[in-house]
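Novice: Pasting in a structure now, in C-alpha cells, and then I'll have a few things to ask.
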Amino acid sequence: MTEEDRMTADGARTDAAVPTARRRGVDVLGLIGVILAGLALLPSLAVFLIGLIPEMNAIWWLGILIIPALGIVGAVVAVLGVIGLILGIRARGRYALSIVAIVLAIVLIAPIALLYFGSAV
C-alpha cells in the first residue's frame, strides 16, 4: 500500500484496519432436522393419499408402522431443533431452520398425541 492510499480526503493518515464482515454460518442442526422431518413426512403423506383411493383401502395397515416411526423421528428432530435454536441464539447466528425443525417435530408428534390423548368414545 502506498503513502497516497493511506491518506484520506482531508489529508489525515489512516492506519486503522477496516474490520472485515464475519460471515455467519448455516444453521446445520436445523437443516439436518428439516431434512429428517421431510424424509419422515413424505412416506406418511403418500400412505394417506393412496389410502384415499377406494381400491387401495388396505394400505392403512402401514400406519401401524409409520406412526411410531413418526414419533421417534419427531423426538430426534425436536432435540436437534432445540439445540440448534439455543446455539443460534447464543452465537447470534441464524436459527430460522431450527424453528422450522421444531414446528415440523410438532407436526410429526401430533398423530401420536391424537391417538393417546384423543377421546376413547
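Novice: Could you give the length gained by full extension between A46 and I72, i.e. 0.36 nm per residue of separation minus their alpha carbon distance, to one decimal place?
Specialist: Numbers: separation 26, 0.36 × 26 = 9.36 nm, distance 1.88 nm.
Extending this stretch completely gives an extra 7.5 nm.
Novice: Then there is this: Suppose the chain between R90 and V107 were pulled fully straight at 0.36 nm per residue; how much longer would it get relative to their current alpha carbon spacing? Please list the in-between numbers first.
Specialist: Working: separation 17, 0.36 × 17 = 6.12 nm, distance 2.63 nm.
In short, 3.5 nm is gained.
The numbers here are math on the coordinates, done by the rules we state, and not lab data. Note that this is a predicted model, so its numbers are computed, not measured.
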